[in-house]
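Undergrad: Structure incoming, see below.
The values are calculated or read from the model by the stated rules, or taken from the named source; none is laboratory data. Remember, it's a predicted structure, so these values are computed and weren't measured experimentally. Cβ coordinates were reconstructed from backbone atoms using ideal geometry, including for glycine residues, and neighbour counts include every protein chain displayed. With ligands, DNA and RNA removed, areas are computed over all heavy atoms of the protein, side chains included. Shrake-Rupley method; radii C 1.70, N 1.55, O 1.52, S 1.80 Å.
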Amino acid sequence: MPTDRDQEDAEQALRAALLETLVNMGTVLLTTPEGRAEAARSMLDQAERAHPAVAEVFREAAERVRG
């Protein structure tokens, strides 16, 4: 049976994976500052509709993509 610690570990792992994917997608696929800014805006738009825990990751990714 999973413990609270297992749940926390799983949540942290999911958060880290999502954040890494979003940031890499924004910086690797979009090589211009304008493209990264648009990606950041899109992430912030997604954050408005997402679950609070996911929204936090979208906002952090947007910050990192913008630089």
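Undergrad: Considering Ala37, Ala10, which residue is in a helix (DSSP H, G or I), open to solvent by less than 60 Å² (accessible area, probe 1.4 Å) and farther than 16 Å from Ala61 by Cβ?
TA: When all the criteria are applied, what remains is Ala10.
Undergrad: If you take the residues in the range 40-55 that are in contact (Cβ under 8 Å) with a residue 12 or more places away in the chain and not polar (S, T, N, Q), which one is most open to solvent (accessible area, probe 1.4 Å)? Break it down into steps so the answer makes sense when it comes.
TA: Step one: list which residues in the range 40-55 are in contact (Cβ under 8 Å) with a residue 12 or more places away in the chain, which gives 40-41, 43-44, 46-47, 53-54.
Those still in the list that are not polar (S, T, N, Q) too: 40-41, 43-44, 47, 53-54.
Working: Ala40: 1, Arg41: 122, Met43: 9, Leu44: 57, Ala47: 4, Ala53: 59, Val54: 55 Å².
Among residues in the range 40-55 that are in contact (Cβ under 8 Å) with a residue 12 or more places away in the chain and not polar (S, T, N, Q), the one most open to solvent (accessible area, probe 1.4 Å) is Arg41.
Undergrad: Looking at the range 56-67, which of the residues that are within 10 Å of the chain's Cα centre (by Cα) and open to solvent by 60 Å² or more (accessible area, probe 1.4 Å) is nearest to Glu20 (Cα to Cα)?
TA: It comes out as Arg64.
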